[in-house]
Amino acid sequence: MDEASANKERVQQFWATLYARDWDAIAAFFAADSEYTDVPSPADDIARGPDQVVARLRLGLEKISGYEHELRLMVAEGDTVVTEHAETWHWHTGEVVTLPFVSVQELRDGSIIRWWDYWDLSTLMNGAPAWWIEEIAKGYL
């Protein structure tokens, strides 16, 4: 298997683990120097290392009652995998939002070392419940 195919397979495993919300297993996909951010957030709002990456993910995802993943396209070249996908988030209070994403992930030796998520902040903020937005505003550290 060539490098691009192996990296694509690793990212596919990551998505499956993320949507299972297996927080301990998610951490294992990241190296100590990994970086993750949502591009709509402030430029200096970057989670570094597995603990911060998982904390950031838990902040947004742990309090939603469910979500589905729709994979549209994955492209891999060398150490980079680009995924076009959508997530539909459900809250226990009845709100539902579908967020289109483009995720860019760079890998080194099977670990995700850079993950930048591109999505529209207004799509999320216009559909999410106020109580959840207040929780997000508290931050993950």
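With the condition kept exactly as written, say whether any residue in the range 40-47 is of a type outside the set (A, V, I, L, M, F, W, C) and not in a loop (DSSP other than H, G, I, E, B).
Looking for residues that are of a type outside the set (A, V, I, L, M, F, W, C) and not in a loop (DSSP other than H, G, I, E, B), one finds none in the range 40-47, hence no.
Restricting to the range 32-48, what's the tally of residues that are buried (at least 16 other Cβ atoms within 10 Å of the Cβ) and in contact with a Ser or Thr (Cβ under 8 Å, 6 or more places away or on another chain)?
Qualifying residue count, the range 32-48: 3.
Could you grab me the full set of residues in the range 111-140 that are exposed (fewer than 12 other Cβ atoms within 10 Å of the Cβ) and within 17 Å of the chain's Cα centre (by Cα)?
Selection gives Gly139 alone.
Can you tell me which of Gly49, Gly60, Gly66 is small (Gly, Ala, Ser) and under 11 Å from the mean Cα position of the chain (by Cα)?
Result of the check over Gly49, Gly60, Gly66: Gly60.
List the pairs whose first member sits in the range 114-133 and is under 24 Å from Gly78 (Cα atoms), whose second member is in a helix (DSSP H, G or I), and whose Cβ atoms are under 8 Å apart, counting only residues at least 6 apart or on separate chains?
From the range 114-133, the pairs are Trp115/Val53.
Given (1) in a strand (DSSP E or B); (2) surrounded by 15 or more Cβ atoms within 10 Å (Cβ to Cβ), identify the lone condition not met by Thr88.
All conditions pass for Thr88, except number (2).
If you scan the range 14-52, which residues turn out to be at pLDDT below 95 and basic (Lys, Arg)?
Listed by number, the list holds a single entry, Arg21.
Can you name the residue in the range 56-73 that is surrounded by 15 or more Cβ atoms within 10 Å (Cβ to Cβ) and in contact with a His (Cβ under 9 Å, 6 or more places away or on another chain) and, of all such residues, is nearest to Val11 (Cα to Cα)?
Start the filter on the range 56-73 by keeping residues that are surrounded by 15 or more Cβ atoms within 10 Å (Cβ to Cβ), which leaves 56-57, 59-61, 64, 67.
Applying the additional criterion that residues be in contact with a His (Cβ under 9 Å, 6 or more places away or on another chain) yields 64, 67.
Numbers: Ile64: 23, Tyr67: 19 Å.
The residue in question is Tyr67.
Out of Glu62, Glu84, I need the residue that is among the acidic types (Asp, Glu), farther than 21 Å from Lys138 by Cβ and touching a residue at least 12 places away in the same chain (Cβ under 8 Å). Which one? Outline the logic, then answer.
Working: Glu62 fails: farther than 21 Å from Lys138 by Cβ.
Only one candidate passes the filter, namely Glu84.
Mind telling me which of the residues Glu77, Glu95 ends up being touching a residue at least 12 places away in the same chain (Cβ under 8 Å) and within 20 Å of Arg10 (Cα to Cα)?
Every option except Glu77 fails the conditions.
Those residues that are of a type in the set (Phe, Trp, Tyr) and touching a residue at least 40 places away in the same chain (Cβ under 8 Å), I need them from the range 2-48; list them, please.
Result: Phe14, Trp15, Tyr19, Phe29, Phe30, Tyr36.
The values are calculated or read from the model by the stated rules, or taken from the named source; none is laboratory data. For clarity, every value in this text was computed on a predicted model and none was experimentally measured. Here Cβ is always computed from backbone atoms with ideal geometry, including for glycine, and neighbour counts include all displayed protein chains.
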